[in-house]
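S.K.: One structure is given below, represented as structure tokens, and several questions about it will come after.
Quick note: the coordinates plus some simple rules give every number you see, no bench work behind them. Quick caveat, the model's predicted, so the values are computed rather than measured. When we count neighbours, we look across all protein chains shown, and the Cβ atoms used for this are built from the backbone with ideal geometry, even at glycine.
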There are 2 protein chains.
Amino acid sequence: MAISNLEQAIADAGGAVPLLRNSKIGMYVYPVVAHEFSNWRDEQRAWRDSAVLFDQSHHMDELIVEGPQAEEFLAFHGINAFSNFSLNRAKHYVPVTPNGHVIGDHIIFREREDKFILVGRAPTSNWLMFCAAYGKWNVRIRHDPRSPSRPDGERVLRTHYRYQIQGPEAPKIFEKMHGGPLPEIKFFHVDWINIGSKRVQALRHGMSGAPGLEIWGPYEDKSYIHATIMQAARDAGVDLVQCGSRAYSTNTLESGWIPSPLPGIYTGDGMLAEYRQWLSSEHYEAAGSIGGSFVSDNIEDYYVNPFELGYDFYIGWKKDDFVGKDALAKMKDGPNRKKVTFEWNPEDVLKVIATAFEEGTPAKWIDFPQPNYASTSADMILKDGKMVGMSMFNGYSFNERRMLSLGVVDADIQEEEVLTLVWGEPDDTGKTSTERHRQAEIRVRVAPTPYAKEARENYADSWRNKKAG
Amino acid sequence: MAISNLEQAIADAGGAVPLLRNSKIGMYVYPVVAHEFSNWRDEQRAWRDSAVLFDQSHHMDELIVEGPQAEEFLAFHGINAFSNFSLNRAKHYVPVTPNGHVIGDHIIFREREDKFILVGRAPTSNWLMFCAAYGKWNVRIRHDPRSPSRPDGERVLRTHYRYQIQGPEAPKIFEKMHGGPLPEIKFFHVDWINIGSKRVQALRHGMSGAPGLEIWGPYEDKSYIHATIMQAARDAGVDLVQCGSRAYSTNTLESGWIPSPLPGIYTGDGMLAEYRQWLSSEHYEAAGSIGGSFVSDNIEDYYVNPFELGYDFYIGWKKDDFVGKDALAKMKDGPNRKKVTFEWNPEDVLKVIATAFEEGTPAKWIDFPQPNYASTSADMILKDGKMVGMSMFNGYSFNERRMLSLGVVDADIQEEEVLTLVWGEPDDTGKTSTERHRQAEIRVRVAPTPYAKEARENYADSWRNKKAG
């Protein structure tokens, strides 16, 4: 009988890289939520100029971890300090492998002393479910996987609805909804607010410096909550723009979070080898895809560590132990790459688009606003023909009138440097999410993360002053 | 109490044009079907190069008309000849107003002597439902409206599934599915075929000259039929590409059908005035939108007649009478515009796209593959600054590597002429489906409909030889 697990799938494909580079899973989808409510340009504009409503009910896994050892279990499998984790706080939770490579990240909420809710991509949920059994932890776990990518008219239910309201005008809506001034909620803290006749939990969040709240509750309340929010916005005289799934995934380009690092679980022995046998060939780690111009024989070249993503200040060094602690201690002093924003040269972007009007094999289509056609992207960043980084998540910002991407570069690369992004894959990939294409080069300017318009304007001359390295 | 009907909505908005130009309905959506299964470029390529599976179960109204007077009723309200309408045929059914303006069109199937199924956009279904009551016809009508545009995870059910398999490799799949050679089915004729253990009705259809079949049956059979088709394709060794909703709506650009004429029902007295009172303000005719650069005070300037759309050869002149017969007889000798394809100048398209990378108000975003952001589009076509036609349905064809649109031009405009399309609306529209923008001009070459690649290649020099008129 055929064995269906990740280890076997890697062997069958001749390696993890060919497995993932030839995945047939198709486009990475933000499911169920309408693609556009108005249009994606105005939906992007709303989070900068007025207020936006994100429906985050469908695109993330949810994991509920309860029980006597819930805190201990989570503290042991994440890099984060837990000493300050009171009931009214949330954390950006990051697990790494024993070798110190990032597995993924979740937002984690503490509902009770012994109950946590985690929200994020599958690699973190899968890893924690495995770890609970592997370490015989006294925890109960409930997993609510993300909604199907192509439900095709079938009904989709979740455990919780999840909304976020963001933007400079958002506070007026909160006050109207709450029926008076909101309690003061500090960044990444949680409190209870009123929405109509319901009491709901709210996380203070923020993108690009604008204030915002994330709220959640039982999925059956979703349409009541939605209607109440929309009415509160009307009553407050605020143009609250519902954000569809096309604009949604681009918000991170302005705020600087990389949603899609490759989980560092394809190599390593011990618990990692057991994990690869635990994972079926249907799981994200086996069925997902790597896309982009960077092709290495060594899957480890796609891994990142917490220092590279700017998560080192989360690390709970004072904890007795946690998975990856020793490895991180060794990585600490580098060399580590650093996270940056790449601003794509408009002329070069337009040259790529122009090939869609020529005979023959075109350059890879840049789909607006998000040409991120794989679950993990890795496009080569070159300086003087030598690879100095990778671009990991890309898209167009109408607010900035630019294609941007997030990624990592070698420590010695400086802001303002103009590098070269190689766009498109070097040979025919088996992925179905991209047409046959030829490679192209796009100049990119290194900019800070989060990307600030001010920075770009100050550096407006850099395209003229600099050639691609 | 407020009256909710189209007549009142027109009065409230100060006219039909402001009503429709400021509609808040949003993007015209092809609902429920996934946006992409692989990617829209390859999905377009498949109908030219291999085989494509269209899921047409959701974007059209269905109307079942039965009863002793079913044939007589339909013959009286469509322009088509009915004398040759045997059980094994389908027709492209076109109703017009008493004034001879097109209301819409449906594909009509005859299931029994006294039972017809009609499939298409809402204006034709709405009109027929009204007419049945208005004329006291002895018919039973069941209406299954198109699926909701944004079902938001709720279940969607239809009366029938409806699939189309098209492309040069399609016959291999039919034979495999059927379990042997298919009966010979002539164009727009219907016969029964086997799909696995089911007998289903199949309409011989065709796009761009490639053979194809449309099949339908009870919606509860949908997933069985889908799985059987996909397996038959694998068994036949054919790369059957599932087409998502982004690529789907562009197929008409190559085949030449205009899906979205404005129903000519906003003016006229008698039954038309009564119809406007019958239609609620929620119906397509009141809630839909007009988009594009052409703004006229007179809603009739957006109407088209059957001669202009190339439907004159359908007209059953020998029928004793039908709605619009007298008007059509007067229109017959013109002047009438004619249907053409506009091939958009790539340089000008790229200039419009380039404004998305500049500060300030951009030109209207061209969303790929279909920037058709209203239920009815009307972009001005100019020659020497004078309007000589309108562009009515646009999109990008990866097969042709061109933006194309379908529309009508004055009779004296010749193929190969280079005209000017005005892109974007002249002032701020109240529509939510477009961002604020400025107008731009795009040269368009007049090409035949259906658009043939050969023609373009023969005329390849015309961009260089001709300036925009």
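S.K.: Mind listing which trypsin sites (Lys or Arg not before Pro) in region A:1-110 are in a DSSP loop and have 16 or fewer other Cβ atoms within 10 Å?
M.R.: Numbers: sites: A:ARG21, A:LYS24, A:ARG41, A:ARG45, A:ARG48, A:ARG89, A:LYS91, A:ARG110; in loops: A:LYS24.
Those satisfying the criteria are A:LYS24.
S.K.: Further question on the same structure: Run the simple label-point estimate for B:GLU113 and A:LYS115 please: 7 Å along Cα→C-beta, distance reported in nm.
M.R.: If labels sit at B:GLU113 and A:LYS115, their model points lie 6.8 nm apart.
S.K.: Also, quick follow-up: Counting other C-beta atoms within 10 Å, and keeping those with at most 10, which DSSP coil GluC sites (Glu not before Pro) do you find in region A:339-429? If you can, show how the numbers build up before the last one.
M.R.: Working: sites: A:GLU343, A:GLU347, A:GLU358, A:GLU359, A:GLU400, A:GLU415, A:GLU416, A:GLU417; in loops: A:GLU358, A:GLU359, A:GLU400, A:GLU415, A:GLU416, A:GLU417.
In loop regions of region A:339-429 (DSSP not H, G, I, E or B), the sparsely surrounded GluC sites (Glu not before Pro) are A:GLU359.
S.K.: Within region A:336-465, how many lysine pairs that are 8 or more places apart, or on different chains, have C-alpha atoms less than 21 Å apart?
M.R.: Pairs that pass both the separation and distance tests number 9.
S.K.: Let me ask something else. Using each residue's phi in region B:303-315, evaluate 6.51 cos²θ - 1.76 cosθ + 1.60 at θ = phi - 60° and report the 3J(HN,Hα) Karplus result to the nearest Hz, with x for Gly and Pro.
M.R.: Along region B:303-315, the couplings run 6, 10, 10, x, 5, 5, 8, x, 9, 5, 6, 6, 5 Hz.
S.K.: While we're here: Of the options B:HIS58, B:ILE442, B:ALA327, report the single residue whose Cα projects farthest towards the positive end of the charge dipole of chain B (beta-carbon charges: Lys, Arg +1; Asp, Glu -1).
M.R.: B:HIS58
S.K.: Roughly how large, in nm² to one decimal, is the mean projection of the convex hull of the alpha-carbon atoms in region A:1-95? Mind showing how you got there, number by number?
M.R.: Values: hull surface 46.4 nm².
Projected over every direction and averaged, the Cα hull of region A:1-95 covers 11.6 nm².
S.K.: For region A:219-282 and region B:288-304, compute the distance between their C-alpha centroids and round to whole Å.
M.R.: Cα centres, region A:219-282 to region B:288-304: 41 Å.
S.K.: Taking the label point 7 Å from Cα in the Cβ direction, how far apart in nm is B:ASP12 from each other copy of itself, listed shortest first?
M.R.: 5.9
S.K.: Hey, another quick one. Just how large is the dipole of region A:336-465 about the Cα centre, in debye to the nearest 20, putting +1 at every Lys and Arg Cβ and -1 at every Asp and Glu Cβ? Mind dumping the intermediate values first?
M.R.: On the way: 17 positive and 22 negative charges, 49 e Å.
Dipole of region A:336-465, to the nearest 20 debye: 240 debye.
S.K.: Scale the Cα Rg of region B:305-398 by the rule-of-thumb value 2.2 N^0.38 Å and send over the ratio, two decimals. Walk me through the numbers before you get to the answer.
M.R.: Details: Rg = 18.6 Å, N = 94, 2.2 N^0.38 = 12.4 Å.
Compared with the compact-globule rule of thumb, region B:305-398 sits at 1.51.
S.K.: Search the structure for amide H atoms under 5 Å from the amide H of B:SER293, placed 1.01 Å from N in the peptide plane, and list their residues when 5 or more places away or on another chain.
M.R.: Residues meeting the criterion, in which the H sits 1.01 Å from N, are B:ALA378, B:ASP379, B:MET380, B:GLY424.
S.K.: Could I ask something else about it? Taking B:TYR134 in one copy and the same position in all the others, each labelled 7 Å out along Cα→Cβ, what are the pairwise distances from the first, in nm, shortest first?
M.R.: For B:TYR134, the other copies' label points sit at 7.1 nm, shortest first.
S.K.: For region A:161-216, which trypsin sites (Lys or Arg not before Pro) are in a loop by DSSP, counting at most 15 other Cβ atoms within 10 Å? Let's see the in-between values first.
M.R.: Details: sites: A:ARG162, A:LYS172, A:LYS176, A:LYS186, A:LYS198, A:ARG199, A:ARG204; in loops: A:LYS186.
Here the trypsin sites (Lys or Arg not before Pro) that fit, given the DSSP loop and packing criteria, are A:LYS186.
S.K.: Just to confirm my numbers, what's the Cα centroid distance between region B:393-455 and region A:4-21 in Å?
M.R.: Region B:393-455 and region A:4-21 have Cα centres spaced 47 Å from each other.
S.K.: Follow-up. Chain B: which residue's Cβ hugs the B-to-A rotation axis most tightly, distance rounded to whole Å?
M.R.: Measuring from each Cβ to the axis, the minimum is at B:ARG155, 2.
S.K.: First measure r as the distance between the Cβ atoms of B:TYR134 and B:ASN88, then evaluate 1/(1 + (r/R0)^6) with R0 = 30 Å and state the FRET efficiency to the nearest 0.05. Don't skip to the answer; put the middle values down first.
M.R.: Numbers: r = 32 Å, r/R0 = 1.05.
After rounding to 0.05, the efficiency reads 0.45.
S.K.: About the Cα centre, and with charges only on the beta carbon of Lys, Arg (+1) and Asp, Glu (-1), how big is the dipole of chain B? Nearest 20 debye, please. Kindly include the intermediate steps, with their values, before the conclusion.
M.R.: On the way: 53 positive and 64 negative charges, 150 e Å.
Roughly 720 debye, rounded to the nearest 20.
S.K.: Would you mind counting up the charge near A:GLY167? Only other residues with Cβ under 13 Å from its Cβ, with Lys and Arg at +1 and Asp and Glu at -1. Mind dumping the intermediate values first?
M.R.: Numbers: positive: A:ARG45, A:ARG48, A:LYS172; negative: A:ASP42, A:GLU43, A:ASP49, A:GLU169, A:ASP239, A:GLU254.
It works out to a net charge of -3.
S.K.: Over region A:188-271, consider all pairs of different Cα atoms and compute the Kirkwood hydrodynamic radius from their mean reciprocal separation; express it in Å, one decimal. Walk me through the numbers on the way to the answer.
M.R.: On the way: mean 1/r = 0.0629 Å⁻¹.
For region A:188-271, inverting the mean 1/r across all distinct Cα pairs yields 15.9 Å.
S.K.: If you don't mind, another one. What whole-number volume per residue, in cubic angstrom, does the convex hull of the C-alpha atoms of region B:336-465 give?
M.R.: Numbers: hull volume 15.4 nm³, N = 130.
Each residue corresponds to 118 Å³ of Cα convex hull volume.
S.K.: Could you give me the ³J(HN,Hα) list for region B:83-98, computed from phi with Karplus coefficients 6.51, -1.76, 1.60 and θ = phi - 60°, whole Hz, x at Gly and Pro?
M.R.: Coupling constants for region B:83-98: 4, 9, 8, 7, 4, 9, 10, 10, 9, 9, 8, 10, x, 10, 7, x Hz.
S.K.: Sticking with this structure for a sec: Fully extended, how many nm does the chain gain between A:GLN439 and A:ASP235 (0.36 nm per residue separation, minus their Cα-Cα distance)? Don't jump to the answer; show the numbers that get you there.
M.R.: On the way: separation 204, 0.36 × 204 = 73.44 nm, distance 5.17 nm.
Extra length available between A:GLN439 and A:ASP235 comes to 68.3 nm.
S.K.: For chain B, what is the convex hull volume of the alpha-carbon atoms per residue, in Å³?
M.R.: On the way: hull volume 74.4 nm³, N = 469.
For chain B, the hull spanned by Cα atoms encloses 159 Å³ per residue.
S.K.: Could you work out how far apart the two model spin labels at B:HIS143 and A:HIS143 are, taking each label as a point 7 Å from the Cα in the direction of the beta carbon, and quote it in nm?
M.R.: 4.7
S.K.: If you don't mind, there's one more thing I want to ask. Mean residue ellipticity at 222 nm from the helices of chain A, using -39,500 (n - 2.57) per DSSP H segment of n ≥ 4 over the full residue count, to the nearest 500 deg cm²/dmol? If you can, show how the numbers build up before the last one.
M.R.: Numbers: 15 runs with 116 residues, N = 469.
Taken over chain A, the calculation gives -6500 deg cm²/dmol.
S.K.: Now a separate question. Gain in length, B:ARG155 to B:GLU358, computed as 0.36 nm per residue apart minus the alpha-carbon separation, to one decimal in nm?
M.R.: Working: separation 203, 0.36 × 203 = 73.08 nm, distance 4.27 nm.
Extending this stretch completely gives an extra 68.8 nm.
S.K.: Along the Cα→Cβ direction, 7 angstrom out, place labels at B:TYR224 and B:ASN298. What is the inter-label distance in nm?
M.R.: 5.7
S.K.: Would you please give the FRET efficiency between A:GLU282 and B:LEU350, computed as 1/(1 + (r/R0)^6) with r the Cβ-Cβ distance and R0 = 45 Å, to the nearest 0.05? Please list the in-between numbers first.
M.R.: Details: r = 43 Å, r/R0 = 0.94.
FRET efficiency, A:GLU282 to B:LEU350: 0.60.
S.K.: Counting just the Cα atoms, what span does the protein assembly as shown cover along each of its three principal axes? Round to the nearest Å and put the largest first.
M.R.: Taking the Cα atoms of the protein assembly as shown, the three principal extents are 94, 66, 58 Å.
S.K.: Placing a label point 7 Å from Cα toward Cβ, how far apart in nm is B:GLU66 from its equivalents in the other copies, listed shortest first to one decimal?
M.R.: 5.1
S.K.: Now, a different point. If you average the C-alpha positions of region A:106-125 and of region B:85-119 separately, how far apart do those two centres end up, in angstrom?
M.R.: Each part reduced to its Cα centre gives a spacing of 57 Å.
S.K.: Got the relative contact order for chain B handy, in percent, Cα pairs under 8 Å and 6 or more residues apart? Spell out each step's value before the answer.
M.R.: Details: 1038 pairs, mean separation 98.1, N = 469.
The value is 21 percent.
S.K.: Next question, about the same structure. Among A:SER23, A:HIS160, A:VAL200, whose Cα sits farthest toward the positive end of the charge dipole of chain A (+1 at Cβ of Lys/Arg, -1 at Cβ of Asp/Glu, about the Cα centre)?
M.R.: Positive-most Cα among the choices belongs to A:VAL200.
S.K.: Further question on the same structure: Can you tell which of A:LEU253, A:TRP127, B:SER397 lies farthest toward the positive end of the dipole of the protein assembly as shown, using +1 and -1 charges on the Cβ of basic and acidic side chains (Lys, Arg; Asp, Glu)?
M.R.: The residue sitting farthest along the positive end of the dipole is A:TRP127.
S.K.: Given region A:111-254, what count of lysine pairs have C-alpha atoms under 23 Å apart, with each pair 8 or more places apart or on different chains?
M.R.: Lysine pairs meeting the criterion: 12.
S.K.: With +1 assigned to the C-beta of every Lys and Arg and -1 to the C-beta of every Asp and Glu, and no other charges, what is the dipole magnitude of the protein assembly as shown about the Cα centre in debye, to the nearest 20? Provide the component values of the computation, followed by the final result.
M.R.: On the way: 106 positive and 128 negative charges, 110 e Å.
Dipole of the protein assembly as shown, to the nearest 20 debye: 520 debye.
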